[in-house]
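Everything below concerns the one structure shown next.
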């Protein structure tokens, strides 16, 4: 893969459900996250270079809101080590400051420092 990651991915210790906001379709579970990208674990492969409006479910009692809405572009999709799943890499599009702060809080709360992530 030609893409070189600048920011370390943080493996998320809770698996938030991720949906397509336009269709309501379940995409998968949040696997890892940075300020600029995310990986979703899905039962379905997804074409690359597809822009999707994502809705990520959050534990509202912790973050004061039930969801994080982001626009992201799929940049890669590959089979997981479990043949029933795919890992899909997304580049996050323009992120409002309040959402960036929330992303940083999620990484701080649930990330595993030093995890380089795959893909």
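Computed values, structure above
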| quantity | calculated |
| --- | --- |
| Exposure proxy order (Cβ contacts within 10 Å, fewest to most) of 75, 94 | 94, 75 |
| Label-point separation, residue 22 to residue 75 (7 Å along Cα→Cβ), nm | 2.1 |
| Among 22-33, 52-63, 97-108, the order from most to least packed when residues are scored by Cβ within 10 Å on average | 22-33, 52-63, 97-108 |
| Theoretical gain in end-to-end length, residue 65 to residue 104 [0.36 nm per residue, Cα-Cα removed] | 12.5 nm |
| Stokes-Einstein diffusion coefficient of segment 10-110, Kirkwood radius over Cα pairs, 25 °C, 0.890 mPa s, in µm²/s | 182 |
| Potential lengthening between residue 97 and residue 51 on full extension [0.36 nm per residue; Cα-Cα distance subtracted] | 14.5 nm |
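Coordinate-derived values only; no laboratory data. Bear in mind that the values here come from a model prediction, so they are computed numbers and not experimental data. With ideal geometry, Cβ positions are generated from the backbone for all residues, glycine too; neighbour counts draw on all protein chains shown.
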